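The values are calculated or read from the model by the stated rules, or taken from the named source; none is laboratory data. Keep in mind that what you see is a predicted model, and the values were worked out from it rather than measured. No Cβ is skipped: glycine too gets one built from the backbone with ideal geometry, and neighbour counts run over all protein chains shown.
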Amino acid sequence: MHLSLCLTPRRLAVALTLTLIGVALAGLALLNSAHAHPGSEDPTVRVSALKSDDGSVSVSLQTLGADGEWGERLLPTSRVIPTDAPIDTWLRSSRVDLGGAGDPAPLFCVVAHGAPDDRFWVKFRAYLYQSAALTDTNLRFETYLDGADQAAALERCLADGAAVVASTLASPDAVRETLLKAREAEVRVVTFNAGVEHAEGVGSQVHIALNDRAAGELAGRQFNQSGVTGQVGCLIHEQDNLSLEHRCDGLEATYAGTGVTRIRLEETASHDQNDHDAFIAMLGEQLSGGQGSPFDAVLTLSADSMEFALTAVQRLDGAAADLRLASVGASREDLAAFPDALLEQHLDVLISDSVES
């Protein structure tokens, strides 16, 4: 584990920047180093780290007093490096008040419904933390496939004194009670992404989202213009996600061909762990048939599911040669690794959702 400290002299706030290289603390530099340093007009600090039984690591900050003794450990709100933290990736704690004076920076919590490794949420997370760094904001972002886990994360935010909580409403029933509790505690509640029709009922003060139904309607009109007339699949890659259902609703409303079938793939553990073979195999079974694909076209609803669909078609080796693929959420850049010939054969329309980030 490598720790680096960025300190602006004569300032009271400091940020800890952390990276996890392995699962164990490396070296002896952090162990029991209690030697006093010579006095300085600027704050002198050190990082402390504690490894728990489960392998996670918590960090804290200590300042050197005028008497040459280290003060109490100052604990950032976001201070734990989990055992599954990504390798060679810099992680940031929340801010710490060196002097112990004044109020700490307010905590902003953003909790989403979805797989943490989903490409949309990876980009979303990057935009969030870039904004947080530019505005010096104490930000916490988490995302979960299960609505109960999302609600538990929001509960932790409230317990940690969050000033603002932002939540998706893919599973509104799961988070409603917690968000209403937040409003009662005078915490600002923001909702975003899925579930605009449920925003008022959960106490949301503002909802930020695209029109998911309109995205599906646009895809349907595009299929009509492209001459697609047979059965179209609408690929739902997450369960209990209202925004995906609304996109399929829009497709059904405008597509003039034979009909729309909702392809519901059960979420698998591998989908959440960067090993997508099981997910792709399930998709391949849906897209293939005895006389070719049962679908003329398929609308995928995220960049990842578009990539999975193209991979599945590629592996079918001609069994779905005439299948057209469209996506809400994918871009040509997301598909750059695929051969141009494959994209030319199967790609129809790509509808961007990046503005939501």
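Which one of the conditions (1) modelled with pLDDT of 95 or more; (2) in contact with a strand residue (DSSP E or B) (Cβ under 7 Å, 6 or more places away or on another chain) does A170 fail to meet, given that it meets all the rest?
For A170, the failing item is (1).
To keep it simple, each residue is scored yes or no on (1) in a helix (DSSP H, G or I); (2) closer than 16 Å to T143 by Cβ; (3) touching a residue at least 60 places away in the same chain (Cβ under 8 Å); (4) among the hydrophobic types (A, V, I, L, M, F, W, C).
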position	(1), (2), (3), (4)
A162	no, no, no, yes
A170	no, yes, yes, yes
D173	yes, no, no, no
A182	yes, no, no, yes
E186	no, no, no, no
V189	no, no, no, yes
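Could you name every one of the strands (runs of 3 or more DSSP E) located completely within region 1-86 that has at least 2 residues being buried (at least 16 other Cβ atoms within 10 Å of the Cβ), modelled with pLDDT under 80 and of a type in the set (V, I, T)?
13-19
Here are F124, F108: which of them is in contact (Cβ under 8 Å) with a residue 40 or more places away in the chain, part of a strand (DSSP E or B) and out of contact with any helix residue (DSSP H, G or I) (no Cβ under 6 Å at 6 or more places or on another chain)?
Working: F124 fails: part of a strand (DSSP E or B).
Residue meeting the stated conditions: F108.
Please state which one of G195, G220, G250 is in contact with a helix residue (DSSP H, G or I) (Cβ under 7 Å, 6 or more places away or on another chain), more than 22 Å from G114 (Cβ to Cβ) and not hydroxyl-bearing (S, T, Y). So that I can check it myself, show each step before the final result.
Details: G195 fails: more than 22 Å from G114 (Cβ to Cβ); G250 fails: more than 22 Å from G114 (Cβ to Cβ).
Going through G195, G220, G250 in turn, the sole match is G220.
Determine whether A153 is in a helix (DSSP H, G or I), among the small types (G, A, S) and crowded, with 17+ Cβ neighbours inside 10 Å. Please lay out each step first, then the result.
Numbers: in a helix (DSSP H, G or I): yes; among the small types (G, A, S): yes; crowded, with 17+ Cβ neighbours inside 10 Å: yes.
Judged against the criteria, A153 is a match.
For T137, are the conditions met, namely being surrounded by fewer than 20 Cβ atoms within 10 Å (Cβ to Cβ), of a type in the set (S, T, N, Q) and farther than 30 Å from L323 by Cβ?
On the way: surrounded by fewer than 20 Cβ atoms within 10 Å (Cβ to Cβ): yes; of a type in the set (S, T, N, Q): yes; farther than 30 Å from L323 by Cβ: yes.
Yes: the conditions hold for T137.
Which of the residues that make up region 62-88 are of a type outside the set (D, E) and more than 34 Å from the chain's Cα centre (by Cα)? Step through it out loud before you land on a result.
Quick first cut of region 62-88, residues of a type outside the set (D, E) only: 62-66, 68, 70-71, 73-83, 85-87.
Once the filter is applied, which keeps residues that are of a type outside the set (D, E) and more than 34 Å from the chain's Cα centre (by Cα), region 62-88 yields T63, L64, G65, A66, G68, W70, G71.
Output yes when any residue across region 199-206 is closer than 30 Å to D97 by Cβ and either outside any helix (DSSP H, G or I) or free of Cβ contacts under 8 Å to residues at least 40 places away in the same chain (or both), and no when none is. Spell out the reasoning first.
Taking region 199-206 and keeping what is closer than 30 Å to D97 by Cβ, we get 205-206.
So of that shortlist, the ones also either outside any helix (DSSP H, G or I) or free of Cβ contacts under 8 Å to residues at least 40 places away in the same chain (or both) come out as 205-206.
Yes, there is a match, as at least one residue in region 199-206 is closer than 30 Å to D97 by Cβ and either outside any helix (DSSP H, G or I) or free of Cβ contacts under 8 Å to residues at least 40 places away in the same chain (or both).
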